[in-house]
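Note sheet for the following structure.
The values are calculated or read from the model by the stated rules, or taken from the named source; none is laboratory data. None of these values were measured; they are calculated from a predicted model. Quick reminder, even Gly has a Cβ in these numbers, built from the backbone with ideal geometry, and neighbours come from all protein chains shown. These accessible areas exclude ligands, DNA and RNA; they are computed on the full protein's heavy atoms, side chains included. Shrake-Rupley method; radii C 1.70, N 1.55, O 1.52, S 1.80 Å.
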Amino acid sequence: MDQLDQHTRDERRATAEGLLPDLEDAGVVGVALPWVDTSGITRVKTVPLAKLPSAAAWGVGMSPVFDGFLLDDSIVAGRFAGSAIGDLRLHPDLSRLTLLAGQPGWAWAPVDRYTQAGTPHVQCSRSLLRRLVAELADDGLTVRGAFEIEWVVADPDGLPEDPDAFVPALSGPAYGMTRLAEVSDYARDLLEALAAEGVRVDQFHPEYAGGQLEVSVGPEDPVGAADTALLVRNTITAVSAQHGLRVSFSPKVTADGVGNGGHVHLSLWRDGENLMSGGDGTFGLTAEGEAFTAGLLGHLPGLLAVGAPSVASYLRLVPSHWAGAFAAWGLENREAAVRFVTGPDGNRQSSANVEVKSFDLAANPYLLMAACLAAGRAGLRAGGTLPDPIGVDPASLSEEGRREAGIHPLPATLEEAVRAFEADTALAEAFGEELHATVVDVRRGEIALFENTSPEGVCRATRWKH
Ligand code: GLU
Ligand code: MG
């Protein structure tokens, strides 16, 4: 699929040329071409505006070595990643070209990574996601999804003796109106920037942890949702810098307390009908909606190697912290990994969805969305069914009570998640040999990096990276 032939290249160049006058009028000087590596770090190259047509046709060179990068910029010697040899081409998706409202003079377009021969790079997460979306479409299915973004705002100077320490820039309480008053100008600028970028924000609110805030956005097609996750984070970082604030999206900013989640909402659709609603199953699930959800729940241990990809992720993923540490599902249960959301009566057909809570923002959103589609599809192929829903915090049950209710604890360490991922044939098949191996190799690289590091040390080393 997706061979870049001369005709496609010419079309892309013409599209870019057509965009130039408006971009010039808008004062755009440079175009950022971001993509996300296996560790979940967004990497970027940029071109001056005049080079956009050539970048659209021929891409921009970038080494494949970044597939093997860790969060500290060291490089893993992976089975299929980490070599300094070769080159890839970054091809901007012009349909998503956006003026960065928080970075005047800059436009932004997420990229697909291609080989020099014009075929998708086998380790390109955005290309993988596009392929899985197309495969589901062949079966008449579409998915709509969204990422919730939680972050903390910090004093940029940290502490006098430790500039990298986390000092919350806000003191108001969780969900507090006083905290909103503290960020009034900042939040207004953020909402204004996101609106100017065409992001459909659903909600903004002060979250639970010290200095924590959250933005949620409306559902989109899976690639659009992952692009939006990138754009929203980028915009938050830029607007925060304009207000003299430092931000962290890290799963666990400090070893104590509640972390930053990156919950993923998903619904499955056929012929314009939401399959999470209107059926005969529990809470109105259709058989296909249930099978897709059963796939997500059943593959969660392996999915965590993609969706909770950092050593720090497992400091966050603990019981009774709203992070979804148990493989269970339930109606509006914020302690179940899979929270079923019907939406209000009268609006269920458009709003019913499942929220996977166990994921965080260290995840590469393209890779994670792709893994979710693969897990859901495996559930559909197996005709999966769900166990009984859980209506309590699983941590409030005894171990035996949990066993009787069919509730399993999820992996408690990154190594456990990696083992589950290695054994997950549905994810292995969807990712392909190279990318599957690279996820394993990069995760093991991070595990080795933090082998002798205390939880506080892990938080510190991860805090300002994502
Ligand atoms: N901050 C929590 C987490 O780590 C989530 C809070 C919520 O339920 O939104 O996922
Ligand atoms: Mg939240």
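Can you pull out the residues in the range 335-353 that are within 16 Å of ligand 2 (Cβ to nearest atom), of a type in the set (A, V, I, L, M, F, W, C) and touching a residue at least 60 places away in the same chain (Cβ under 8 Å)?
Selection gives A337, V341.
Any residue in the range 15-27 that is of a type in the set (S, T, N, Q) sitting within a Cβ distance under 6 Å of a residue that is surrounded by 12 or more Cβ atoms within 10 Å (Cβ to Cβ)? List the pairs, counting only those 6 or more apart or interchain.
Between residues of the range 15-27 that are of a type in the set (S, T, N, Q) and residues that are surrounded by 12 or more Cβ atoms within 10 Å (Cβ to Cβ), the close pairs are T15/L94.
Given the criteria open to solvent by 20 Å² or more (accessible area, probe 1.4 Å), at pLDDT 95 or above and either within 13 Å of ligand 1 (Cβ to nearest atom) or of a type in the set (S, T, Y) (or both), does T237 qualify?
Judged against the criteria, T237 is a match.
Looking for something farther than 23 Å from L361 by Cα, at pLDDT 95 or above, under 20 Å from the mean Cα position of the chain (by Cα) and more than 16 Å from ligand 1 (Cβ to nearest atom) - is there at least one such residue anywhere in the range 140-159?
yes
Against the condition touching a Ser or Thr at 6+ places or on another chain (Cβ under 7 Å) and either within 27 Å of H466 (Cα to Cα) or without any contact (Cβ under 8 Å) to a residue 12 or more places away in the chain (or both), how does V47 come out, does it pass?
no
Assigned to a helix (DSSP H, G or I) and either within 16 Å of ligand 2 (Cβ to nearest atom) or polar (S, T, N, Q) (or both): does that describe L180?
Against the criterion (assigned to a helix (DSSP H, G or I) and either within 16 Å of ligand 2 (Cβ to nearest atom) or polar (S, T, N, Q) (or both)), L180 qualifies.
Please determine whether any residue of the range 105-118 is out of contact with any strand residue (DSSP E or B) (no Cβ under 9 Å at 6 or more places or on another chain) and open to solvent by 10 Å² or more (accessible area, probe 1.4 Å).
Checked against the condition, which is being out of contact with any strand residue (DSSP E or B) (no Cβ under 9 Å at 6 or more places or on another chain) and open to solvent by 10 Å² or more (accessible area, probe 1.4 Å), the range 105-118 yields at least one hit.
Among the residues of the range 265-277, is there at least one that is within 17 Å of L361 (Cα to Cα), open to solvent by 10 Å² or more (accessible area, probe 1.4 Å) and within 16 Å of ligand 2 (Cβ to nearest atom)?
Within the range 265-277, one or more residues are within 17 Å of L361 (Cα to Cα), open to solvent by 10 Å² or more (accessible area, probe 1.4 Å) and within 16 Å of ligand 2 (Cβ to nearest atom).
Of everything in the range 51-90, what is acidic (D, E) and either in a helix (DSSP H, G or I) or in contact with a helix residue (DSSP H, G or I) (Cβ under 9 Å, 6 or more places away or on another chain) (or both)? Give them in sequence order.
Once the filter is applied, which keeps residues that are acidic (D, E) and either in a helix (DSSP H, G or I) or in contact with a helix residue (DSSP H, G or I) (Cβ under 9 Å, 6 or more places away or on another chain) (or both), the range 51-90 yields D67, D72, D87.
Within the range 185-212, restricting attention to residues that are more than 27 Å from W108 (Cα to Cα) and open to solvent by 20 Å² or more (accessible area, probe 1.4 Å), which residue is nearest to ligand 2 (Cβ to nearest atom)?
Applying the filter and picking the extreme gives Y208.
Restricting the range 215-225 to residues that are assigned to a strand (DSSP E or B) and open to solvent by 10 Å² or more (accessible area, probe 1.4 Å), which is farthest from ligand 2 (Cβ to nearest atom)?
Step by step, filter the range 215-225, then rank; the result is E220.
Restrict the check to the range 87-95 and report whether at least one residue is under 27 Å from A195 (Cα atoms), of a type in the set (S, T, Y) and buried (at least 17 other Cβ atoms within 10 Å of the Cβ).
No - not one qualifying residue is present in the range 87-95.
When the range 369-399 is examined, which residues are found to be among the aliphatic types (A, V, I, L, M), touching a Gly at 6+ places or on another chain (Cβ under 6 Å) and open to solvent by 60 Å² or more (accessible area, probe 1.4 Å)?
none
Among the residues of the range 285-294, are any within 16 Å of ligand 2 (Cβ to nearest atom) and either out of contact with any helix residue (DSSP H, G or I) (no Cβ under 6 Å at 6 or more places or on another chain) or of a type in the set (G, A, S) (or both)?
No, there is no match, as no residue in the range 285-294 is within 16 Å of ligand 2 (Cβ to nearest atom) and either out of contact with any helix residue (DSSP H, G or I) (no Cβ under 6 Å at 6 or more places or on another chain) or of a type in the set (G, A, S) (or both).
Is at least one residue of the range 337-350 buried (at least 17 other Cβ atoms within 10 Å of the Cβ), within 16 Å of the chain's Cα centre (by Cα) and part of a loop (DSSP other than H, G, I, E, B)?
Checked the range 337-350: no residue is buried (at least 17 other Cβ atoms within 10 Å of the Cβ), within 16 Å of the chain's Cα centre (by Cα) and part of a loop (DSSP other than H, G, I, E, B).
Which residues, taken from the range 119-150, are surrounded by fewer than 21 Cβ atoms within 10 Å (Cβ to Cβ), in contact with a Pro (Cβ under 7 Å, 6 or more places away or on another chain) and not basic (K, R)?
V133
Under 6 Å between Cβ atoms, which residue pairs at least 6 apart in sequence (or on different chains) link something in the range 245-272 that is away from ligand 1 (no atom under 16 Å from the Cβ) with a partner that is in a loop (DSSP other than H, G, I, E, B)?
From the range 245-272, the pairs are L245/A169; R246/P156; S267/M276; L268/L275; R270/G140.
Of these, P309, P301, P319, which one is open to solvent by 10 Å² or more (accessible area, probe 1.4 Å), in a loop (DSSP other than H, G, I, E, B) and either in contact with a Ser or Thr (Cβ under 7 Å, 6 or more places away or on another chain) or of a type outside the set (A, V, I, L, M) (or both)?
Checking each option against the conditions leaves just P319.
For the range 364-466, which helices (runs of 4 or more DSSP H) that fit wholly inside it have 3 or more residues that are among the β-branched types (V, I, T) and closer than 22 Å to L141 by Cβ?
So the answer is none; nothing clears 3.
So, in the range 295-334, exactly how many residues are over 19 Å from L449 (Cα atoms), within 15 Å of ligand 2 (Cβ to nearest atom) and at pLDDT 95 or above?
1
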